[in-house]
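The values are calculated or read from the model by the stated rules, or taken from the named source; none is laboratory data. These numbers come from a predicted model, not from an experiment. Note that each Cβ is placed from the backbone with ideal geometry, even for glycine, and that neighbours are counted across all protein chains shown. Note: areas computed on protein heavy atoms with side chains; ligands, DNA, RNA excluded. Shrake-Rupley method; radii C 1.70, N 1.55, O 1.52, S 1.80 Å.
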Amino acid sequence: QVQLLESGGGLVQPGGSLRLSCAASGRSSSDYLMGWFRQAPGKEREFVVFISRNGVNTYYADSVKGRVTISRDNAKNTVVLQMNSLESEDTAAYYCAASSRLWSTSWREYAFWGPGTQVTVSS
């Protein structure tokens with residue numbers, strides 16, 4: 001069992017950057033595939049990216065590929081989502097999640113979730 005807490009959200013202008021962090025407590029985060037999802041009002045929850053247990057493998061949604069980088073530090077039990085060149089379409093609540101799967105882009109296969117952090121991209 002692991003508890004997750006996101007931080008780093010806020011208001012940025014188009015083209016700006018944000019660094020989101022996910023802190024894990026309880027069970028070691030190294031036991032889980034870690035993913036980021038986002039959800040805007042009235043829209044379905046959307047996969048953003050995941051990173052494997054050892055941090056070697058990553059997979060990005062086409063909508064963010066090239067603008068977003070995920071990394072993890074298992075010694076610190078943290079996962080970081082660096083977002084650059086942000087667009088208005090990136091506006092959403094961003095959620096950190098943990099899965100027992102080795103590879104998954106489906107929110108239904110992530111058992112543990114943080115409460116979310118809001119990202120708003122607006123001029």
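Testing Gly16 on (1) open to solvent by less than 30 Å² (accessible area, probe 1.4 Å); (2) under 11 Å from the mean Cα position of the chain (by Cα), one condition comes back false. Which one is that?
(2)
Would you please name the residue that is least open to solvent (accessible area, probe 1.4 Å), looking only at residues in segment 110-123 that are of a type outside the set (S, T, N, Q), in contact with a Phe, Trp or Tyr (Cβ under 6 Å, 6 or more places away or on another chain) and assigned to a strand (DSSP E or B)?
Residue satisfying both the conditions and the ranking: Val119.
Conditions (1) aliphatic (A, V, I, L, M); (2) closer than 22 Å to Gly10 by Cβ; (3) touching a strand residue (DSSP E or B) at 6+ places or on another chain (Cβ under 9 Å), marked per residue:
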{"site": "Leu33", "(1), (2), (3)": "yes, no, yes"}
{"site": "Trp36", "(1), (2), (3)": "no, yes, yes"}
{"site": "Arg101", "(1), (2), (3)": "no, no, yes"}
{"site": "Arg108", "(1), (2), (3)": "no, no, no"}
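Consider segment 86-109. How many of its residues are farther than 18 Å from Lys43 by Cα, touching a Gly at 6+ places or on another chain (Cβ under 6 Å) and either assigned to a loop (DSSP other than H, G, I, E, B) or open to solvent by 20 Å² or more (accessible area, probe 1.4 Å) (or both)?
Of the residues in segment 86-109, 1 are farther than 18 Å from Lys43 by Cα, touching a Gly at 6+ places or on another chain (Cβ under 6 Å) and either assigned to a loop (DSSP other than H, G, I, E, B) or open to solvent by 20 Å² or more (accessible area, probe 1.4 Å) (or both).
Restricting attention to segment 75-85, and to residues there that are assigned to a loop (DSSP other than H, G, I, E, B) and not hydroxyl-bearing (Ser, Thr, Tyr), which single residue is surrounded by the fewest Cβ atoms within 10 Å (Cβ to Cβ)? Talk me through it step by step, then tell me what you get.
Our first condition is that a residue be assigned to a loop (DSSP other than H, G, I, E, B); within segment 75-85, this holds for 75-77, 84-85.
Cutting the leftovers down to not hydroxyl-bearing (Ser, Thr, Tyr) gives us 75-77, 84.
On the way: Ala75: 9, Lys76: 12, Asn77: 18, Asn84: 14.
Filtering first and then ranking leaves Ala75.
If I ask for residues that are among the polar types (S, T, N, Q), under 12 Å from Leu18 (Cβ atoms) and touching a Pro at 6+ places or on another chain (Cβ under 9 Å), which ones from segment 53-107 would you list?
Matches in segment 53-107: Ser85 only.
With the structure loaded, tell me whether Ser28 is polar (S, T, N, Q), open to solvent by less than 60 Å² (accessible area, probe 1.4 Å) and closer than 18 Å to Met83 by Cα or whether it fails that test.
Working: polar (S, T, N, Q): yes; open to solvent by less than 60 Å² (accessible area, probe 1.4 Å): yes; closer than 18 Å to Met83 by Cα: no.
It is false that Ser28 is polar (S, T, N, Q), open to solvent by less than 60 Å² (accessible area, probe 1.4 Å) and closer than 18 Å to Met83 by Cα.
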